[in-house]
């Protein structure tokens, strides 16, 4: 394609045809540019081609540039991206993902505490159904009696729920999940881009596939939030299950991540 575009400024080479009365080749049409034997000398033709390419406009050069680059030259492994190929930039991914692992556990704790707020209220409601009415005297006055074990349990759970509500776990869990989703997806993609910066390719394997699965699970768990807000217990259970699988994959991915960090120190330099 680049060669075709560059020919826009090349001299026109006339086609040769045979005259009916002569066996000698003649020009079919007169042309202002006639290529002599000297002009078709390969070295000279290459020089003229380069000169024409240099005179091409910027948009034409930009359009044709990818076609001039061979596969090797197109790979970002020769320092074209500077610090983006260095050790400093490569270590961002393991540091951020390591932090997100612990942040995932924290978000899970907040979510579990919010779930506890809801389940405690359910327990209280069930226990209230077991409370027997207080006895009354023949005059209709209630008889004072020590609280039963069921009533005592209700009191305990009520106090526990009050303390849980003070923690604002619902809002904190939602905010933590949003931050985890945003930075997790960003750095998951960023890790693959950084690998391409350093090596010019990606390496299919456990770490790459597990990272992709974790990213998908983050998105899937977040997609269940609207149904959860409407009170769907199925969505809540599925949300918990997806995040449990996510944490398991995260833990399983740590050893392969550490191996990659060792390779970063082996094959990269500061900065």
Cβ crowding within 10 Å averaged over residues, with 153-162, 172-181 ranked highest first: 172-181, 153-162
Cβ-Cβ FRET estimate between residue 121 and residue 148, R0 fixed at 25 Å, reported to 0.05: 0.80
Label-point gap, in nm, between residue 202 and residue 178 - each point 7 angstrom along Cα→Cβ: 2.9 nm
Net lengthening on full extension, residue 216/residue 171 (0.36 nm per residue, minus Cα-Cα): 13.9 nm
Separation of the residue 193 and residue 227 label points, Cα + 7 Å toward Cβ, nm: 3.2 nm
Residue 101 versus residue 263: modelled label distance in nm, points set 7 Å from Cα along the beta carbon direction: 1.7 nm
Distance from the stretch 221-271 to the stretch 121-173 (C-alpha centre basis), Å: 39 Å
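Here, each number is a calculation from the coordinates, and none is a lab measurement. Computed from a predicted model, the values in this text were never measured in an experiment. As a convention, Cβ positions derive from the backbone with ideal geometry for all residues, glycine included, and neighbour counts pool all protein chains shown.
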